[in-house]
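Worksheet: the structure to be examined is printed underneath.
Read the figures in this text as sums done on the coordinates, not as results from a lab. Computed from a predicted model, the values in this text were never measured in an experiment. Please note: Cβ atoms are built from the backbone with ideal geometry, for glycine as well, and neighbour counts cover all protein chains shown.
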Amino acid sequence: MPTCQDCRFYTAIDEIKGECFSLGFEVRGKTDSKKCPERAFRPNKSPKSKKAGAARY
C-alpha cells in the first residue's frame with residue numbers, strides 16, 4: 001500500500017516526517033495514502049526522485 005512518502009508532493013524533513021507540498025503542513029511519511037487529507041495523494045512517476053512530476057503539475 002502506498003504511503004505519504006510515495007507521493008510526488010512529499011518532501012522529507014527527517015526520517016519520520018516530511019512536508020506535504022499540496023497541503024502546506026507536516027505529515028508522517030508512513031501514513032497510509034488512503035488517509036490523505038483532501039485526497040491530494042499523487043504517486044511519483046519515477047522512483048528515483050521524490051520531486052519527479054511536481055514541476056509539471
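Things worth noting here:
- For Lys34, the aspartates and glutamates whose Cα comes closer than 14 Å to its Cα, not counting residues fewer than 8 places off in the same chain, are Asp6.
- Qualifying GluC sites (Glu not before Pro) for region 1-34 [loop in DSSP, other Cβ within 10 Å: at most 13]: Glu15
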